[in-house]
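A.B. asks: Just dropping this structure here.
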Amino acid sequence: MDFVTSLSKYLPMLPQLGEGFIVSMEIFVLTLLFALPLGMIVAFGRMSKIRLVRSLAKVYISVMRGTPLMLQIFVVYFGPFYVFKIRMGSGYRFPAVIIAFAINYAAYFAEIYRSGIESMPIGQYEAAQVLGYNKAQTFFKIILPQVIKRVLPPVTNETITLVKDTSLAFTIAVAEMFTTAKQMAAADSNIIPLLGAGAFYYVFNLIIAMSMEKLEKKLSYYR
Amino acid sequence: MAEKKILLEMNHVKKSFDGIEVLSNINVRVHEGEVVSIIGPSGSGKSTLLRCATLLEKMDDGELIYLGEIAASGGKYAPKSRLKQIRKYFGLVFQSFHLFPHYTVRKNIIDAPICVDKVSKKEANERAEKLLAQLGLSDKAENYPYQLSGGQQQRVSIARALALQPKILFFDEPTSALDPELTAEVLKVIKELAKEHMTMIIVTHEMQFAKEVSDRIVFMEKGVIVEEGTPEELFSSDNQRVRDFIGKLNL
């Protein structure tokens with residue numbers, strides 16, 4: 001019965017968790033907003049005909065995927081002070097999180113895009129070329145729409161991971177949902193705020209998974 | 001008889017892949033209204049020749065001339081803007097169709113005329129309707145390629161090429177991916193085009209068809225043209241290699 005009483009006791013915590021959830025959502029949306037297009041640029045770099053550009057993109061992807069996101073958040077946040085002795089102030093916390101997330105996720109998206117673009121049969125390019133399409137028309141009209149369909153499942157995977165990764169903003173004290181939940185749990189030594197936060201993450205990911213499935217169905221009008 | 005206009009001229013064409021010569025000194029001339037079939041064993045360079053003619057492959061040496069306009073000479077190609085104009089002279093039908101899967105049949109046909117040739121939507125649609133009717137596909141206009149049989153897909157790809165109103169149409173083994181029934185349906189379409197005096201160059205393994213439809217047959221092997229002539233000449237050739245090849249296929 002203890003659990004039930006504490007449940008009702010913690011019902012008022014919802015608005016507070018909700019506030020944290022909004023910050024988590026901000027991190028989520030802004031990261032996607034920057035990382036999705038940035039990933040495309042990195043992917044083009046990775047497939048560039050210029051060797052130097054290709055190598056740079058390769059190293060970038062390798063470092064971003066090969067080191068912990070938490071470490072990257074620290075480097076972005078503390079880097080300006082440790083390296084250049086520039087004090088950024090606590091207002092820099094949130095932007096630092098967005099920068100770190102965006103450059104990290106761009107690397108993953110870049111590899112997804114690249115595999116999607118490279119999986120396109122050469123015949124599609126050749127047909128477009130013979131019909132007289134220029135390079136931009138070929139990419140935007142013929143290749144990209146088909147690539148989007150192909151990369152949708154792996155992009156969904158990354159997106160779901162991103163929802164959970166937003167909790168890493170906790171490491172530099174950005175008051176997103178996990179930070180809030182942990183404070184509430186510690187204050188009363190009770191597990192319920194953490195379970196509440198878990199429920200938020202889970203439901204949100206459920207919504208993402210369902211909407212992406214819908215989008216995939218919508219794109220299944222052709223094969 | 002008045003000499004017909006030469007639409008395509010390929011002189012002394014050479015092409016190697018990794019030091020292996022696939023085309024050595026090929027000369028081809030195609031006149032307006034002519035149907036030329038290219039036959040020969042696999043690996044003889046037929047498809048490479050077609051890919052060189054359609055600018056999908058760069059030849060190492062030789063000339064490529066469309067309607068007197070030089071696309072390439074001595075292995076050097078004309079500037080891009082020039083090649084863009086020259087591309088308008090020809091169309092190509094692939095062995096495995098290469099339709100755009102995310103476009104309906106109609107869109108596959110009208111998109112290039114609208115986007116590339118800046119034809120009005122109305123005009124492009126009229127062309128499409130006419131071609132679809134001609135190729136017996138009027139009821140498939142709103143279908144997607146995956147909903148069609150291979151034969152229907154190949155006919156759509158022929159319509160897509162014709163919608164740009166090319167002077168020459170190339171076919172790269174247009175029936176090799178099809179079963180005999182579907183093959184017949186595609187060959188029928190090509191025969192009808194021949195009746196309308198469409199200039200065509202066809203790489204094929206369908207000997208009987210080549211015999212019926214061609215004005216001229218070119219027999220290639222190991223990167224050279226072994227023999228060429230009218231179907232009658234080819235099918236009664238003295239050349240032992242040509243006789244062997246045709247004989248085997250007639251079994």
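A.B. asks: Looking only at the range B:189-223, which residues are among the acidic types (Asp, Glu), surrounded by fewer than 18 Cβ atoms within 10 Å (Cβ to Cβ) and more than 13 Å from residue B:36 (Cβ to Cβ)?
C.D. replies: B:192, B:196, B:212
A.B. asks: Name the residue that is farthest from the other protein chains (Cβ to nearest Cβ), counting only residues in the range A:87-126 that are among the polar types (S, T, N, Q) and surrounded by fewer than 20 Cβ atoms within 10 Å (Cβ to Cβ).
C.D. replies: In this case the residue turns out to be A:90.
A.B. asks: Further question on the same structure: So which of A:108, A:125, A:133 ends up being modelled with pLDDT of 95 or more and not in a helix (DSSP H, G or I)?
C.D. replies: A:133
A.B. asks: Quick one: count up the residues across the range A:17-45 that are under 30 Å from residue A:185 (Cβ atoms) and among the aromatic types (Phe, Trp, Tyr).
C.D. replies: Residues meeting the conditions: 2.
A.B. asks: In the range A:127-163, what residues are closer than 16 Å to residue B:84 by Cβ, surrounded by 17 or more Cβ atoms within 10 Å (Cβ to Cβ) and of a type in the set (D, E, K, R)?
C.D. replies: Within the range A:127-163, none qualify.
A.B. asks: Please give the number of the condition residue B:81 fails out of (1) more than 8 Å from chain A (Cβ to nearest Cβ); (2) within 28 Å of residue A:144 (Cα to Cα); (3) surrounded by 16 or more Cβ atoms within 10 Å (Cβ to Cβ).
C.D. replies: Status for residue B:81: all satisfied but (3).
A.B. asks: Further question: I need the helices (runs of 4 or more DSSP H) fully contained in the range B:100-168, keeping only those with at least 3 residues that are farther than 25 Å from residue B:7 by Cα and among the charged types (D, E, K, R).
C.D. replies: Fully inside the range B:100-168 and qualifying: B:105-115, B:121-134.
A.B. asks: List the number of the failed condition for residue B:151; all other conditions in (1) under 14 Å from residue B:96 (Cβ atoms); (2) within 14 Å of chain A (Cβ to nearest Cβ) hold.
C.D. replies: Evaluating residue B:151 over (1) under 14 Å from residue B:96 (Cβ atoms); (2) within 14 Å of chain A (Cβ to nearest Cβ) leaves (2) as the failure.
A.B. asks: Among the listed residues A:141, A:135, identify the single one that is without any contact (Cβ under 8 Å) to a residue 24 or more places away in the chain, over 22 Å from the mean Cα position of the chain (by Cα) and more than 10 Å from chain B (Cβ to nearest Cβ).
C.D. replies: When all the criteria are applied, what remains is A:135.
A.B. asks: Among the residues in the range B:224-240, are any surrounded by fewer than 20 Cβ atoms within 10 Å (Cβ to Cβ), under 15 Å from the mean Cα position of the chain (by Cα) and without any contact (Cβ under 8 Å) to a residue 24 or more places away in the chain?
C.D. replies: No, every residue in the range B:224-240 fails to be surrounded by fewer than 20 Cβ atoms within 10 Å (Cβ to Cβ), under 15 Å from the mean Cα position of the chain (by Cα) and without any contact (Cβ under 8 Å) to a residue 24 or more places away in the chain.
A.B. asks: Within the range A:186-223, track down each residue that is surrounded by fewer than 19 Cβ atoms within 10 Å (Cβ to Cβ), more than 30 Å from residue B:143 (Cα to Cα) and in contact with a Leu (Cβ under 7 Å, 6 or more places away or on another chain).
C.D. replies: Residue satisfying the conditions is A:192 alone.
A.B. asks: Give the range B:29-62 a look and list any residue that's more than 14 Å from chain A (Cβ to nearest Cβ) and more than 24 Å from residue B:165 (Cα to Cα), or say none.
C.D. replies: Hits for the range B:29-62 are B:39, B:40, B:41, B:42, B:43, B:44, B:45, B:46, B:59, B:60, B:61, B:62.
A.B. asks: From B:112, B:128, grab the single residue that is aliphatic (A, V, I, L, M) and more than 10 Å from every other protein chain (Cβ to nearest Cβ).
C.D. replies: Every option except B:128 fails the conditions.
A.B. asks: A follow-up question, please. Within the range B:118-142, which residues are under 12 Å from residue B:104 (Cβ atoms) and either touching a Phe, Trp or Tyr at 6+ places or on another chain (Cβ under 9 Å) or exposed (fewer than 13 other Cβ atoms within 10 Å of the Cβ) (or both)?
C.D. replies: B:142
Residues checked against (1) under 18 Å from residue B:104 (Cβ atoms); (2) in contact with a strand residue (DSSP E or B) (Cβ under 9 Å, 6 or more places away or on another chain); (3) surrounded by 18 or more Cβ atoms within 10 Å (Cβ to Cβ):
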residue: B:144; (1), (2), (3): yes, no, yes
residue: B:149; (1), (2), (3): yes, no, no
residue: B:157; (1), (2), (3): yes, yes, yes
residue: B:168; (1), (2), (3): no, yes, yes
residue: B:181; (1), (2), (3): no, no, no
residue: B:187; (1), (2), (3): no, no, yes
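The values are calculated or read from the model by the stated rules, or taken from the named source; none is laboratory data. Remember, predicted model here, so these are calculated numbers, not experimental data. Quick reminder, even Gly has a Cβ in these numbers, built from the backbone with ideal geometry, and neighbours come from all protein chains shown.
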